[in-house]
Each structure stands twice: as structure tokens, then as C-alpha cells.
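Engineer: Here you go, one structure.
The values are calculated or read from the model by the stated rules, or taken from the named source; none is laboratory data. Only a predicted model underlies this, so the values are computations on that prediction, with no experimental measurement involved. No Cβ is skipped: glycine too gets one built from the backbone with ideal geometry, and neighbour counts run over all protein chains shown.
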Amino acid sequence: MTRSPLDRYAAHFERLRLLAPEARDQAMDALSLDAEEREQLRRMLAADAEDDAIEATIAAGAVRLRRAGDGRLGAWRLLREIGAGGMGTVFLAERDDGSFSQQVAIKLLRGFPTEDGMRRLRQERRILATLDHPHIARLLDGGESADGQPWLAIEYVDGVGLLDYVRRAAPTLDARLLLFRAMLDAVEHAHQRLVIHRDLKPANVAVTHQGVVKLLDFGIARLVESGDSARRETSTRVFSQGYASPEQRAGAPITTASDIYSLGVLLREMLTGQREARGDGEPSVPPLPLDIELAGVIAKACAERPEDRYAGAAQLREDIDRYREGRPVLAAALTRRRRLSKFVARHRLAVTLALAALVTLAAFVVGLERERQRAREAEAGAQRALAASERDAATARASLEFLTAAFTAASPDQAMSQQVSVRDLLDAARAQLDREGAHTELRQSMQRLLSGLYNQLGEVSTALDLMQRGVDGVVPRDGAEALRLAEDYDELASLRGQRFDGPGALAAAERAAAWRAQYAPDDPLQRMRSLHTLAMAHHRGGDNDRAVALLRESLALAKARDVHDADVLIQASATLASLLGARSECDEALAVTAEGWRQGAERAADSPDRVLLMRAEALALSACGRLDEAESRLREAMAVQERVIGPGGARMMLLANDLALVLNDLGRYQEAVQMLARSEALTAEIDLGPADVAISLGNRGGLLENAGDYPGALAAFAAARERLDAGGVEADSDVRRRIERSEARTIGIAGRHAEARRRLEDLRARAARLDGLDSAEYALLTLQLAMLATRMHTPEEGLAWLDEARRRFGALVPPTHPVFAHLHRASAAFAIQRGDYAQAERDLDTAIAAFSDGQTLPIDLAVARAEMANLRLRQGRPDHARQLLAQALPVLRASLLPEAINRVPAERLARQLGGL
């Protein structure tokens, strides 16, 4: 690696810049420098001493904020300054918006970026906000101050610095290695999301009072660079001296290997108290002796060339685990003697018995032969392990070379653009993979990695193609590989499910479960992962009963085996609650979400995982008829999603779609159409399958029908069916049947009664076969047939359907559910058709009372009042009819088109009454 020409001045500069001018001159005279070098060092010191306008500005801004009695940034109130450094000033702050209490560290970043730089800073900030790991201090919020100065709100860690902790606690070697291992977990999590720390050093690692490691300022250096590119052109100090990799010091492109170098320096300092390999200063922590293997691990991590280092945090962690377990490490060049000593250390009892056998000659011969055979077996095993290590190292080097080439291909110089997005990087990596004749194992590993990243961008087709090629023919060599491959098959099952390939999704889920059952049969957490993947595959295949049963089994297993993995528990709870809500089993759904909130109580308030639970709870509330609460929960979830991730993406599309449906159920049709348009705009940015597009079109049809635009609704339903046909979605799939049910209802409203009845009866028969007579789908189709009978004026068969619908819904939802008020409206219509006005009056009184409780829709109350007005006129009470109609018409006219089926008779009645 070519060294920076300024490196030879670094040690002198750091020492001299802290001295008074007189002492600095004396110290400089004592240096062994020629005249040119001495002058260069003087210029550097003089430049360092000059006032920095940008730094002065940020300092002034910090002073203004400190002096302000109500200093605030966004929703945060500043409490006190807790630090300052090269990247800005840090304040302790607390949330001050009345929602809940939370303390954070506010970092006021240095510099005032251009508009272009600020846009890139926001983009980088959204990426960093996706880091959600127990050992990373999360980025929670961000924005700009009134002066235009960028700031970040970061999880506040109440603890001490890494070296302070090691000094005070003086942990054992194994305890220090466990601390370091937690750091590796965090770095691996970030690297998998293409986020590089760039400034790993002791000051950026905190340890809580409970001994939990937290990495701070993840990617903050990148944020500062993103917003300060003009200044960066001439900067020579964008890293921490002593921890930066050679390529950082030389100004070369930065990759994940740079973080590996810094981690190696941190490990050395944690263990020996020395930053340098041959440091002779006072140790910063109580030192521990390094054996040859740990020294080899550190040397490999801190190799001069990036390609000679560990390929990633996972490989470095594997060597740490090998060392702690007494197995050979990848970094050490084991000799025959070293392998034999390892064997003896791991088989002391056998060796002791063999030596004891020397007392008897006969036993000596047998014992010696036995031990020679064991030694040969151990030697062969060590040779195999060494060969595997060399193979893994070769693969790691090839992986690093591939990623380095991809990073270089996507760099601004190569891409001819100042802005390089994550998509640019992935496309460059994919092109690089196609160009190079990479070894099959490397190529498939990279395909699986890129698949997951493309899926996060919403590129489902590309992700599915890459994953299918990435797992084809792959057979794991050991348990660790099998469990990683199981996660890849989980991803494949999800991707196939998103394309509504039910059988393919189930096959992939079963393969993942098989790997876990073979290699981790007694691990409840692995079993829970398998159960969730299997449940989602069955759901995508239309078997929701099986999906619900598997998720219930998963949560029961967690309780029985005392599993506390928040990620898996929240995921299982959210999915089960969503499926139960869709089946109108709202009480159990809400109980499941309540348990999910309890399991995720320690998660940050803005954790993306909490959005999953918010959405599931909103769906359950909607199923229970608590629509106002469902709307509030969905808006809260959208606010968190936008604050943490951004305004786009697949999850925001789903949330907007859910909110549109709730607004529709609330009778706020115009708002619903606007929200659905937002969802559809996001849909256009995402690579959705035909079934997902069909669902969006079906929702549009339902909204248009409610508003009274029946031709528009039927056109939307027809387009949805075309998408389903193009995607090969089965006739009995849940998605197709829901869309066909809505279309049949609209056909009946449009006056094509015979066709609507034929379709609804066919759908009801299929619901009985597929979902069961006790299902919500069967009950809903029975109600639709009863409502169609009111339009067909066939009260005899209509009442039979109505009685059955009342019985079915009585077993599914509480008596206060709005569906029962609609059943009374249908009963009143049949009573009027039979001339039984007294029964009609009782039914409408009951419906109006239910709709007047403030918990249901204004439009439903208006329709019921208009129907009562019609009854009053039939009863010869025009004054009361006029009074009721005067209350109903403003709502009907504001919500419905003139041709809407519930508005037409009200307008006709108004004309009969002399106009309103």
C-alpha cells in the first residue's frame, strides 16, 4: 500500500500542536528534519492554528443553542452539552412532544452543506437509520436547525468508554474477547447493509453499566463527507490517527476492509494496552500476554494490504470463536508440533492413560499403537482443517477482491457522477459478477448476498433470480453453513411467496426447515424461524388455517422454552395478529399484539420492528370495528416509518393502502381515494408481482364502488382479474376470491342481479369448501346474498340468508360490531317489501341507535336516516320524514356521487317532499 506523504509528519504534528509556541519552537529544533521538511511541518502547524470559519460557525451555533432558554431541535429539547469533537458538538436532549419520554444524544454536525450535499446527507441518513442492532447506538431522528445546520438524534448510551471500562473492570482474557465479539456482531450487521463505520476507535465504543457494548457514530464520518464534499477535496484529516487503515491514510477508496483494520488495532489495545504492535509506552489498560495465535489474529486483521486481512467481520469472529474453544485459528500457520500440542491439550486424559501403560510391556505395545492411530487421525483432521482454512481464506480473498472491484466500478470517478446510490453499487456488483469467471462457490455466495440487498430495494424479480441461482445445487459442509443456507432458503421462500408461487414458497420453506432440523434439532430459536417461514408459505398458498396453527405453535414454543429473541417474537406476533384480524378473530389478534408489545418493550420507540406490530394492531382494531383507533395507529406507524426509513418503500405502500381501506370504512371516501393514490404511486416505484398489483386495483375498485362510480369500479376489478390471470394465480386463491366477491357485489348494485347472484353463490360454495361454514368469508358472502335480495325484492329467500348471516357473524364478532346494524337495515327493507311497517320501524330504530353511538360511520347513520325518512312518508308522517332527510342529505351529498345507490332514493324523496 502506498503511504501518504504526510504520514512521516503525523507523530510530530500530534505532539507539537499541543505545545505552547515557545516550547513548540524548541521541540522542533530538536527534530532530525531537513529544511524543506521542517518548513512543511511549520506550515501544517500554522494552518492548524488558524481560525476555521466553519468550525467557528458551528461553535457559535452551539453557544446560541445553549443560551436559548427553550433550545429545541425538532421534537427534542436540549438539556446540556456532553461533548465536542471534530465532527461537531453533542448535547443530551429529551423528547418534548408530549407523546412519551426518551433521552437521546443530539450531534450538531460541523459544516453547512450545499443543497446537493444536504440531499445526499438525507439519503445517507435514511440508510443509517436502518441499522437496528443491540450493539449499535441507533440513529433515531435528524434534520436541520433554524440556521440550516444539520443535526442527528442518536440513542443515548449511559456508560463509559471501552478503555475506561477495561481499566476499571480489568476483565479476563475471555471476557475481553466476548466484548470484542459483540463489536464484530455489530460491524457485520452494518457491513451487510453496505454501511462502513470509517472511524472505529475507543472513543466510539461505549460499554453500559450492565457490560453491554454499544458502537457509536456509525457512518457519521460518511454523513459529514456527504454534506461537505467541497471541503473534503483538500482535507487530510478525515480519520483518527493510529486506528485508520493504510488506505485511509493514503486517500484510497474505503471498503469494509478498512473497518477490519481498525478492529484489529482495537483488539490489540484491549488486550495489551498498546496501539502499535511494538508499542513501548505506558499501557492504556491492564495488559495481558499474547500467545502466537492471538498475535496471528491481530496481525491478519491489521495486514497492510486489504486483501490480506479477514474478508469480513464474520470471518474474524470465527477465529475468535476458534481461539476461545481451543481450536486452530485461520490466521495461525500451524506446524506439526503445534497441531500435536493442540491434540494433547484437547485429549489430556487419553495421553495420560497412554503414558501409564508404559509400566507393562504388553500394554505398552497396545497403548502405543492406539495412540499412534489417534495421533494419525488427529493429524489427518488437522490437515483437513488446515485445508478448509486455506480454502476459506482463498474464498475470502476472492470475495474481497470482487467487492473492491465493484466498489471501484461504482465510484464517482468511474461512474462519472458525484452521486452514487446503493442501487448503483448493486448494479456494478452484479455486472462485475457476470463479467468475471468467478469460482462457482464465490459466485453463488455473492448472488445470495446481492439478492437480499435487491429485495430491500423492492427489486423482487432481480432478487428472486439471483437467489434461485445462488442456492442451486449448494450443499452445506457443516452445521454453520447449513444454518446460513437455511436463512437463504427463508429468503427464497419469501421471494417466491411475493410472486404468489405458493408451491415454490412451501418447497423452499421445507428445505430451510430440514437443514435446521438436521443440524440444530434442539434449538428452539431455529425451530421458530422455520415455523414462521412455513407459516408464510402456507399463507401465500391460501392455507391460512395451517399458517395460524404454525404461528401459534411458534409462540407456544417460545413460552415453553423461555425464548426471548425480540426479533423473532415480534415477527411471529405481528404475522399471527394480522392473519387473525383478517379472519375477524379480533380479540385474540389484539391479545397477540399486546404480548408482542411486551416482548419488544426494550426496543427503541422508533425501531422499525415496532411498525410491524403497529400495523398488525391496526388491522386487528379494524376487524373489531374500532376504526378510529385503527386510523390513529396507522398514522402513527406511517410517521415512524417516514422518520426512520423515509417516505417511500414497500412497507409505506402497505401502510398507505391499509389506511385508505380504513378511511373507506369510515365513509371518508375522498380521503380514501387520495390515500390510495399515494399507495399506488409507491407501488409504481416497487417491483411488485401481478397479485400485489391486482390487490391494489381491487382496492381502487372497492373505493370507487362506495363512492358510487360503478363503471369505474367494474373497470378496476376487470383489470385486477387480468393481472391475476397473467400471473397464473389460482382460481381458489384468497386474493382472487376477494376481488371476485367485490366485483360480484358491484355487478348487483349496477342492476345485473342474476349474474351477481350466480357469482355470489359460486363464491359461497367455494368458501364453504375452502374456508369452512364458520369462516368470516362464508358469513360475508351470505350477507352479500341477503343484501342482493333486498334489491331483487325477494324477501322470502332473503330472510333465510339474513338469519344465517346473523348466526354466522354472532360466532365471529362482538354484538356491538357495525355488521349487526346493517343486518337490521336489510331486515327493515324486507319488512317494507312485505308491508310490515311496524317491524321495519323497530329494525331501523335499532340500526339508527347503533350508528349514533359515535363509534361508527357518519355515512351509515345518514343512509339509515334516509331509509327511515322513506318509511315515515309511507306511514303518512311527512314532517318527520323531512326532518330526518334534512339531517341525512348533507352527509350523503358530501360523500357520494349523485348516481350512488344510497343517494338516488334520498334525492327522489327530497323532491317528493317539495325539495331540500
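Engineer: Does GLU804 qualify as being under 23 Å from ASN544 (Cα atoms), out of contact with any strand residue (DSSP E or B) (no Cβ under 7 Å at 6 or more places or on another chain) and either among the charged types (D, E, K, R) or crowded, with 22+ Cβ neighbours inside 10 Å (or both)?
Structural biologist: No.
Engineer: Have a look at ASP174, ASP141, ASP164 and point out the one that is over 17 Å from VAL265 (Cα atoms) and not in a strand (DSSP E or B).
Structural biologist: ASP174
Engineer: Please tell me if LEU724 is in the same structural domain as ASN657 (by TED's automatic domain parsing), buried (at least 21 other Cβ atoms within 10 Å of the Cβ) and in a helix (DSSP H, G or I).
Structural biologist: In short, no.
Engineer: While we're here: Filter the range 672-694 down to the residues that are buried (at least 21 other Cβ atoms within 10 Å of the Cβ) and under 21 Å from LEU627 (Cα atoms) and list them by number.
Structural biologist: ALA672, MET675, LEU676, SER679
Engineer: When you go through (1) touching a Phe, Trp or Tyr at 6+ places or on another chain (Cβ under 6 Å); (2) surrounded by 14 or more Cβ atoms within 10 Å (Cβ to Cβ) one by one for GLY479, which number turns out not to apply?
Structural biologist: If we test GLY479 against (1) touching a Phe, Trp or Tyr at 6+ places or on another chain (Cβ under 6 Å); (2) surrounded by 14 or more Cβ atoms within 10 Å (Cβ to Cβ), just (2) comes out false.
Engineer: Further question: Only one of (1) closer than 18 Å to SER696 by Cα; (2) crowded, with 18+ Cβ neighbours inside 10 Å; (3) among the small types (Gly, Ala, Ser) fails for GLY667. Which number is that?
Structural biologist: For GLY667, the failing item is (1).
Engineer: Which pairs do you get when a residue that is of a type in the set (D, E, K, R), found in the range 142-157, comes within reach of a residue that is modelled with pLDDT under 80 and part of a loop (DSSP other than H, G, I, E, B), reach meaning Cβ atoms under 9 angstrom, with the pair 6+ apart or on two chains?
Structural biologist: ASP147/PHE112; GLU155/ALA604
Engineer: Further question on the same structure: Taking the range 853-885 on its own, how many of its residues are of a type in the set (Gly, Ala, Ser), within 27 Å of GLY914 (Cβ to Cβ) and under 55 Å from the mean Cα position of the chain (by Cα)?
Structural biologist: So the answer is 4.
Engineer: Give all pairs with beta carbons closer than 9 Å in which a residue from the range 191-214 that is free of Cβ contacts under 8 Å to residues at least 12 places away in the same chain meets a residue that is of a type in the set (Val, Ile, Thr) and outside any strand (DSSP E or B); count only pairs at least 6 apart in sequence or on separate chains.
Structural biologist: none
Engineer: Any idea how many residues of the range 487-527 are farther than 17 Å from ASN455 by Cβ and touching a Lys or Arg at 6+ places or on another chain (Cβ under 6 Å)?
Structural biologist: Number satisfying all stated conditions: 3.
Engineer: Here is a follow-up. Confirm whether LEU316 is closer than 22 Å to ALA186 by Cβ, touching a Leu at 6+ places or on another chain (Cβ under 9 Å) and in contact (Cβ under 8 Å) with a residue 12 or more places away in the chain.
Structural biologist: yes
Engineer: Spot the failing condition for HIS793; the list is (1) more than 37 Å from the chain's Cα centre (by Cα); (2) on the phi < 0 side of the Ramachandran plot, and only one is missed.
Structural biologist: (2)
Engineer: Got a sec? Which of LEU294, LEU216, LEU223 is closer than 15 Å to MET183 by Cα and either at pLDDT 85 or above or under 34 Å from the mean Cα position of the chain (by Cα) (or both)?
Structural biologist: Going through LEU294, LEU216, LEU223 in turn, the sole match is LEU216.
Engineer: Just the residues that are closer than 25 Å to ALA707 by Cα and either of a type in the set (S, T, N, Q) or in the same structural domain as GLY667 (by TED's automatic domain parsing) (or both), please, taken from the range 871-916.
Structural biologist: GLN883, GLN887, SER895, ASN902, GLN912, listed by residue number.
Engineer: Oh, and also: Scan the range 498-519 for residues that are surrounded by 20 or more Cβ atoms within 10 Å (Cβ to Cβ) and within 14 Å of HIS532 (Cα to Cα) and jot them down.
Structural biologist: ALA505, LEU506, ALA508, ALA509, ALA512, ALA513, ARG516
Engineer: Please determine, by comparing only the residues of the range 626-649 that are in contact with an Asp or Glu (Cβ under 9 Å, 6 or more places away or on another chain) and at pLDDT below 85, which one is nearest to PRO608 (Cα to Cα).
Structural biologist: VAL644
Engineer: Can you pull out the residues in the range 789-801 that are assigned to a helix (DSSP H, G or I), in contact (Cβ under 8 Å) with a residue 24 or more places away in the chain and exposed (fewer than 14 other Cβ atoms within 10 Å of the Cβ)?
Structural biologist: none
Engineer: Give the range 829-880 a look and list any residue that's closer than 18 Å to PRO818 by Cβ and in contact with a Lys or Arg (Cβ under 8 Å, 6 or more places away or on another chain), or say none.
Structural biologist: Across the range 829-880, the qualifying residues are ASP843, LEU844, ALA847, ILE848, GLN855, VAL863, ALA864, GLU867.
Engineer: Let me ask another. Part of a helix (DSSP H, G or I) and over 22 Å from the mean Cα position of the chain (by Cα) - does that describe any residue in the range 644-660?
Structural biologist: The answer is yes, given that some residue of the range 644-660 is part of a helix (DSSP H, G or I) and over 22 Å from the mean Cα position of the chain (by Cα).
Engineer: Here is a follow-up. With respect to PRO306, is the statement that it is on the phi < 0 side of the Ramachandran plot and at pLDDT 85 or above true?
Structural biologist: Yes.
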